[in-house]
Each structure stands twice: as C-alpha cells, then as structure tokens.
Amino acid sequence: MADPGLVRRLGFGDAVVLGLGSMLGAGVFAALGPAAAAAGTGLLIALAVAAVVAYCNATASARLAAVYPESGGTYVYGRRRLGPVWGFTAGWGFVVGKTASCAAMALTFGAYAWPAHPVPPAVAAVVVLTAVNYLGVTKTAGLTRLLVAATLLALAAVVAAGLGGGAADPANLTGWTGGGVLGIGQAAALLFFSFAGYARIATLGEEVRDPATTIPRAIPVALGIVLVIYAVIAVTALLAVGPGGLAAAAAPLAAVAGSGTLAFLAPVVRVGGALASAGVLLSLMAGIGRTTLAMARDHELPAVLGAVHPRFRVPHRAELVLGVVVVVVVLVADVQAAIGFSSFAVLVYYAIANAAAFTLPGHQSPHRARLRVVTVIGLLGCLALAFTLPPTTIAIGVVVLAVGVAGRAVLRTVRGRG
C-alpha cells in the first residue's frame, strides 16, 4: 500500500498561532538574560537588529514557501534552488539546531516549574508533548492556542508588575554598559533565537490550506505581533531591574515581577514561563518532525523516518526518535550553551534560505528587485550575527555541520549514488 500523505487541515489563524507558539516565550523567558549580559544598555538596539534580520528571513521564507508549498522548509528550498548539498546543510542545521532549542526549552520549563530540580519536569514535558504531536497536527494547533493565551497573560503580569510596582527607573535606559558593537551582535544573535519560530509555519507546507496565500500572509503577521510584545517586555525589564539585574537573574522575568510592590505576581510569571516554554517546545518538535520527514523521503536521512502514520497522518517515527534524542540532550545540556549552538545553526539555515530566495526568477517572485535587496541584507546579517557568537560556540557549530555533510558524502558513496 502507498504511504499515506499529510492532510491540509490548517487555516490562516492556525498558522499564525503555531508561529506565535514557536516564538513567544523563547526570547523573553530564556534568552533575555544572556542577551542583556552581552549588550548591556544596548539590549534594545540588539533587539532591533535581530528583528531586521528576522524580517528579511521571513520575507525570503514566505516567497519560497509560496513557490514550494511542501514540508521541509529551507531544506526543500535549498535543494531546489541551490543543489542537494546546500539543501542537506540547511536541513541538517535545522534538525540539530532546533533539537538543541528543544532541550533549552525543556530545561527552561523545568527551571520555572521546579527550580530546585529542573531535569525531571523537563523530561516529563518532552514525553508528554511527543505524545501530543503523535496524535496529529490539529491537536498540536489546539493545545498551542491555550499555551499562547497563558503566555500572553503571564507577560501582561510582567508589564503590570514591572511598570506599576514602583521600581521602574528611566535611568536604567541611559548610559552605556555592555560589550560594545560585538556585545550587541552577540545579543542580537541570541535574541534571534526567539524570532526563529516563523520557520515553523513554512515547514507545514503540506498541512496548510491554500499554502501559496496562507503562508506568506501568516509569517509576517506572526513576526510583527511577537516583535511588538518583545519590545514592550524588554523596555519594561530594563526600567524595572536594569541590564545588570537581568543578566544576574536565573529567571529574568520573575525578577522583574518581583522587583516592586506587586511582587505577588511573580508566581504567575513563573507559571507563565513554564507554559510558554512548553508551547515553544511543542511547536519546535512538530517542525523538526516535518523536516526530518522531508529529508528521509529524499534518502538524506534513514528512510525509516519518512513514514506517515495511517490514522494520525503525522511523521510518527521521526517524532518518536526526536523525543528520545531530546531527552538524552536534556540530561547533559546547559541552557545557555544550547541557545548559542541553536542560534548558530539556525542562522546558517536562514543564510541558505536567503541565498535560495535570491535565485527565484521573475515569474515566481513578484517585486523581484526588492526581494533581492532584502535577501542580500538577510544573508549578510545572518552570517554577521553567527560569527559574533563566542568562538567555542562557532567552532562546535562548524564541526557539527561539517560532520553532517561529510557523513552524507560517505553514505552516498557507500550506496553508489556518487
């Protein structure tokens, strides 16, 4: 019997919600502290830089998704526009980078849910959300709606406590602290981690209704909503505790909520941090499963991972293997290192997306001249941010990507594919 395919069940609202679920929470609950340590009072500049690069990448991804409405995202785009090796590099970077993101989000969930013992709840979250993804994409979208709503309530509590608790000081926005231009670049690369969820929408090309219209509309809408929310949260956090307070806190937004007379809202923020991390983890795992499916179909990963469940219509084997790998990483991972590695790998992924979009011919790309300018800015921005990260992070990222490409070459030689 033929392997069953994926089903187009998601509309515009579902796509936007899944994009929000992938982005909301990662930056403010996990990356804001390390970014403040790097950029100091330049945190808002770093956020703006990350947003500009993310917008360029979103534009490129949206145009490519309209032309190639298939599961796999930039793996498919790179393969079709630049060649199999570039497509594999993008797909491999996405899978390993986002797997690190999953571990970071699981550990963030654990830190907010049970600060003294974060690993057990982190493992439990991975197991439960793997089961949710296994049951089908409509279950994923439905649960993501609830998690996004809870996250927004928690962030509202942060703003209320930070601005209304009496601790806000405009002096925290003045002066200059941090690592200068390099520090702003590092912070922007870390904050880019929080915007990268819009790729989640593009990876659902085979499960979105009318993808040529829905995906290009959903990506910028989700990105714009998240940018506004992040800007409000970053300003509130700097006013309440300053860059030093953010950098020193294990749970930065809980510190903001606890900084004034409305400190009773801090537990609400902790619950919100746990739920936000769970929402990001849920969406990330679904996206990795689809990219793995696309690569397995092309024999770039073991073909056994390319199966689609006959009832739930999800890449169930890929989802199960991912769940096991993430649990292993959670047991040995460091949150900050995971974020840095993920940022490097995903920036390489988007550099390839921009290069692929640059090659689109005029009949496939409305306003081609404008798109080419945007993709050049996105490509250079991705590479610049990637190589502002700490040298150890860069070295690990280069080695992991190189091992993947070399392993592909060896396997293809063994199979006699050249």
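The values are calculated or read from the model by the stated rules, or taken from the named source; none is laboratory data. On a predicted model such as this, the values are computed, not experimentally measured, just so you know. Don't worry about glycine lacking a Cβ; one is built from the backbone with ideal geometry, like all the others, and counts go over all protein chains shown. Quick note on the areas: whole protein, heavy atoms, side chains included, nothing else; ligands and nucleic acids left out. Shrake-Rupley method; radii C 1.70, N 1.55, O 1.52, S 1.80 Å.
Kindly establish whether Leu284 is at pLDDT 80 or above, crowded, with 24+ Cβ neighbours inside 10 Å and not β-branched (Val, Ile, Thr). Step through it out loud before you land on a result.
Numbers: at pLDDT 80 or above: yes; crowded, with 24+ Cβ neighbours inside 10 Å: yes; not β-branched (Val, Ile, Thr): yes.
Against the criterion (at pLDDT 80 or above, crowded, with 24+ Cβ neighbours inside 10 Å and not β-branched (Val, Ile, Thr)), Leu284 qualifies.
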Next on the checklist: Let me spell it out: the conditions are (1) over 16 Å from Ser277 (Cα atoms); (2) open to solvent by 20 Å² or more (accessible area, probe 1.4 Å), and Gly87 meets all of them except one. Which number is the exception?
Outcome noted: (2)
Checklist entry - For the subset of segment 374-413 comprising residues that are β-branched (Val, Ile, Thr), exposed (fewer than 12 other Cβ atoms within 10 Å of the Cβ) and at pLDDT below 95, which member is farthest from Val67 (Cα to Cα)? => result Thr392
Checklist entry - Among the numbered criteria (1) in contact (Cβ under 8 Å) with a residue 12 or more places away in the chain; (2) in a helix (DSSP H, G or I); (3) of a type outside the set (Lys, Arg), which single criterion is violated by Ala171? => result (1)
Next on the checklist: When you check Val335 against the structure, is it open to solvent by 40 Å² or more (accessible area, probe 1.4 Å) and in contact with a helix residue (DSSP H, G or I) (Cβ under 6 Å, 6 or more places away or on another chain), yes or no?
Outcome noted: yes
Checklist entry - So which pairs qualify, if the first residue must be in segment 233-252 and closer than 20 Å to Val268 by Cα and among the hydroxyl-bearing types (Ser, Thr, Tyr), the second must be part of a helix (DSSP H, G or I) and open to solvent by 10 Å² or more (accessible area, probe 1.4 Å), the Cβ gap must be under 8 Å, and the two must be at least 6 apart or on different chains? => result Thr236/Val159; Thr236/Leu163
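Considering only segment 290-305, state which residues are in a helix (DSSP H, G or I) and over 11 Å from Gly72 (Cβ atoms). It would help to see each step written out before you state the result.
Within segment 290-305, the first condition is being in a helix (DSSP H, G or I), and the residues that meet it are 290-297, 303-305.
Across segment 290-305, the qualifying residues are Ala303, Val304, Leu305.
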Checklist entry - Which residue, of Val328, Val280, Val324, Val314, is in a helix (DSSP H, G or I) and either touching a helix residue (DSSP H, G or I) at 6+ places or on another chain (Cβ under 7 Å) or basic (Lys, Arg) (or both)? => result Val280
Checklist outcome for this item: The lone condition Thr359 fails out of (1) under 20 Å from the mean Cα position of the chain (by Cα); (2) in contact (Cβ under 8 Å) with a residue 60 or more places away in the chain; (3) open to solvent by 10 Å² or more (accessible area, probe 1.4 Å) is (1)
Checklist outcome for this item: Residue count, segment 211-238, condition buried (at least 22 other Cβ atoms within 10 Å of the Cβ), among the β-branched types (Val, Ile, Thr) and more than 24 Å from Ala160 (Cβ to Cβ), comes to 3
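With respect to Ala276, is the statement that it is of a type in the set (A, V, I, L, M), modelled with pLDDT under 85 and farther than 15 Å from Cys102 by Cα true?
In short, no.
Quick check: anything in segment 173-182 over 19 Å from the mean Cα position of the chain (by Cα) and buried (at least 19 other Cβ atoms within 10 Å of the Cβ)? Give the derivation first.
Start the filter on segment 173-182 by keeping residues that are over 19 Å from the mean Cα position of the chain (by Cα), which leaves 173-182.
Cutting the leftovers down to buried (at least 19 other Cβ atoms within 10 Å of the Cβ) gives us 178.
Yes, the conditions are met somewhere in segment 173-182.
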